[in-house]
Ligand SMILES: [Cu+2]
């Protein structure tokens, strides 16, 4: 339950209301999202668990699998509407990657960095990817979903990269279940969890390690001014669950110290979470790795999204939008699309 003081604080900052999500055919309920973009980006605040867990889409199918290359990185598209992504039914509406407000044109409030309608680059709360080594979404719980990658300047651009630890083990089954997490640092206190199917490729047999049991992150203060008696949590961590009903694992500190995927909240590592492994070797050949489906994939070590594009999967060149070819969604009907466009925020 949320305390009344928290509710009051949040009520003061509801002037900014808009939301973002990753967009990919591998997300749960993809077919519903492309017909009703609002189902993907709806507010996630003070809701029962059935509605915030996987955004309420856990029982709906995915239409792809995101490949996680061990030791490499993936780039996902984040936007406040499908219109701005490469999955837009109208290519003309898609924003140019890297352009100002490319994740949500004309709506800086949706980035949740300020209570006013602007971007404050000092106020990104960071976003994160979690993984559960289970085949079926019903087997995922907050206790087995481990954050393996963070991006501390998220959400700032549509194309957002996440490093994958080089010791990531292949999924025990045919795939794993992943989720993208984000928290609003300013404006309405929104919690975001978009689940998707994922798999791990390129795991080096000799280096892959088991992921340990994750524990809840805690507020520790920054590494330069830590809170006495609150040492940083080292090792595998759960996602941060706040602002809703049901499972919660984080305390409310204050409006200036809202939870996020950064130093102050037990996530000092920006990028691959290399401290999540137990040290236990994953014996080679014990896991079957399925062939990954299309994903925007950039080579390991490259900080530049456009630097290295895997031939035949995506094309990020200037005049063509990136398209995941073998998982391309069907386009929604024109009338529905116009309707959705008129209801952007
Ligand atoms: Cu929002």
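Cβ-Cβ below 7 Å, separation at least six or inter-chain, first residue in the range 95-124 and free of Cβ contacts under 8 Å to residues at least 24 places away in the same chain and within 20 Å of residue 41 (Cβ to Cβ), second part of a loop (DSSP other than H, G, I, E, B) and away from the ligand (no atom under 12 Å from the Cβ): which pairs?
These pairs meet every condition: 105/95; 108/101; 108/117; 108/118; 108/119.
Given the conditions (1) in a loop (DSSP other than H, G, I, E, B); (2) within 16 Å of the ligand (Cβ to nearest atom), and given that residue 218 satisfies all but one, which numbered condition is not satisfied?
Residue 218 satisfies every listed condition except (2).
From the list 236, 217, exactly one residue is closer than 19 Å to residue 130 by Cα, touching a helix residue (DSSP H, G or I) at 6+ places or on another chain (Cβ under 8 Å) and either modelled with pLDDT of 95 or more or buried (at least 20 other Cβ atoms within 10 Å of the Cβ) (or both). Which is it? Steps first, answer last, please.
Working: 236 fails: touching a helix residue (DSSP H, G or I) at 6+ places or on another chain (Cβ under 8 Å).
Going through 236, 217 in turn, just one is closer than 19 Å to residue 130 by Cα, touching a helix residue (DSSP H, G or I) at 6+ places or on another chain (Cβ under 8 Å) and either modelled with pLDDT of 95 or more or buried (at least 20 other Cβ atoms within 10 Å of the Cβ) (or both): 217.
Just to be sure I understand the filter: pairs with C-beta atoms under 6 Å, separated by 6 or more residues or on different chains, first member in the range 165-194 and at positive phi, second member crowded, with 24+ Cβ neighbours inside 10 Å and assigned to a loop (DSSP other than H, G, I, E, B). Which pairs pass?
That search, which allows pairs on different chains as well, returns 187/112.
Of the residues that make up the range 271-278, is at least one crowded, with 18+ Cβ neighbours inside 10 Å, at pLDDT 90 or above and more than 24 Å from residue 158 (Cβ to Cβ)? Step through it out loud before you land on a result.
Our first condition is that a residue be crowded, with 18+ Cβ neighbours inside 10 Å; within the range 271-278, this holds for 272-273, 276-277.
Next cut, at pLDDT 90 or above only: 272-273, 276-277.
Next, only the ones that are more than 24 Å from residue 158 (Cβ to Cβ) stay: 276-277.
Yes, the range 271-278 contains a residue that is crowded, with 18+ Cβ neighbours inside 10 Å, at pLDDT 90 or above and more than 24 Å from residue 158 (Cβ to Cβ).
The values are calculated or read from the model by the stated rules, or taken from the named source; none is laboratory data. Because the structure is predicted, anything quoted here is derived from the model rather than measured. Ideal geometry is used to build each Cβ from the backbone, glycine not excepted, and the neighbour counts take in all protein chains shown.
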